[in-house]
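The values are calculated or read from the model by the stated rules, or taken from the named source; none is laboratory data. Source: prediction; values computed, not measured. No Cβ is skipped: glycine too gets one built from the backbone with ideal geometry, and neighbour counts run over all protein chains shown.
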């Protein structure tokens, strides 16, 4: 649990940086919150804000953010070994697949603890 708290604290700092950058770029607050809730990939959000803030086109910003998010597909392959087998719950849990949750989940030696670690860090984030 202390690992999840430490990671969540670090990500909170990144979230504050994202919020500050988005605000400075003039993005509406609703878009900032919506992107944070739906994307859950801080680097993609920061890339999006950086492109918009520098005067880039919106479709370029979205494309750049999606390109950076492609790395989550690789994490998804690792996560497939410990996510539940039932289709509907599995789809819901995939929203929490990111660098930190999968990295922490792959650390435990015992397979039954991997999903618990993934869930704890994913929810904390």
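Given the criteria modelled with pLDDT under 90, within 15 Å of the chain's Cα centre (by Cα) and at negative phi, does residue 94 qualify?
Judged against the criteria, residue 94 is a match.
Of the conditions (1) in the same structural domain as residue 15 (by TED's automatic domain parsing); (2) part of a helix (DSSP H, G or I); (3) farther than 19 Å from residue 7 by Cα, residue 36 fails just one. Which one is it?
All conditions are met except number (3).
Does residue 97 qualify as being over 27 Å from residue 3 (Cβ atoms) and either in contact with a helix residue (DSSP H, G or I) (Cβ under 7 Å, 6 or more places away or on another chain) or crowded, with 16+ Cβ neighbours inside 10 Å (or both)? If you could, list the steps in order and put the result at the bottom.
On the way: over 27 Å from residue 3 (Cβ atoms): no; either in contact with a helix residue (DSSP H, G or I) (Cβ under 7 Å, 6 or more places away or on another chain) or crowded, with 16+ Cβ neighbours inside 10 Å (or both): yes.
No: the conditions fail for residue 97.
Could you list, in sequence order, all residues of segment 108-125 that are without any contact (Cβ under 8 Å) to a residue 12 or more places away in the chain, out of contact with any helix residue (DSSP H, G or I) (no Cβ under 7 Å at 6 or more places or on another chain) and surrounded by 11 or more Cβ atoms within 10 Å (Cβ to Cβ)?
If we filter segment 108-125 for residues that are without any contact (Cβ under 8 Å) to a residue 12 or more places away in the chain, which is where we start, we get 108-110, 112-113, 116.
From the residues that got through so far, the ones that are out of contact with any helix residue (DSSP H, G or I) (no Cβ under 7 Å at 6 or more places or on another chain) too are 109-110, 112-113, 116.
The answer is 113, 116.
All but one of (1) out of contact with any helix residue (DSSP H, G or I) (no Cβ under 6 Å at 6 or more places or on another chain); (2) surrounded by 15 or more Cβ atoms within 10 Å (Cβ to Cβ); (3) in contact (Cβ under 8 Å) with a residue 24 or more places away in the chain hold for residue 81; state the number of the condition that does not hold.
Failing condition for residue 81: (2).
Among the residues of segment 40-68, write down those that are under 15 Å from the mean Cα position of the chain (by Cα) and either assigned to a helix (DSSP H, G or I) or surrounded by fewer than 16 Cβ atoms within 10 Å (Cβ to Cβ) (or both). If you could, list the steps in order and put the result at the bottom.
Within segment 40-68, the first condition is being under 15 Å from the mean Cα position of the chain (by Cα), and the residues that meet it are 40-48, 65-68.
If the condition is that a residue be under 15 Å from the mean Cα position of the chain (by Cα) and either assigned to a helix (DSSP H, G or I) or surrounded by fewer than 16 Cβ atoms within 10 Å (Cβ to Cβ) (or both), then 42, 43, 44, 45, 46, 47, 48, 65, 66, 67, 68 are the ones that fit.
Run down 36, 25 and say which single residue is surrounded by 14 or more Cβ atoms within 10 Å (Cβ to Cβ), closer than 26 Å to residue 106 by Cβ and touching a helix residue (DSSP H, G or I) at 6+ places or on another chain (Cβ under 9 Å). Even if it seems obvious, please write down each step before you answer.
Numbers: 25 fails: closer than 26 Å to residue 106 by Cβ.
Only one candidate qualifies: 36.
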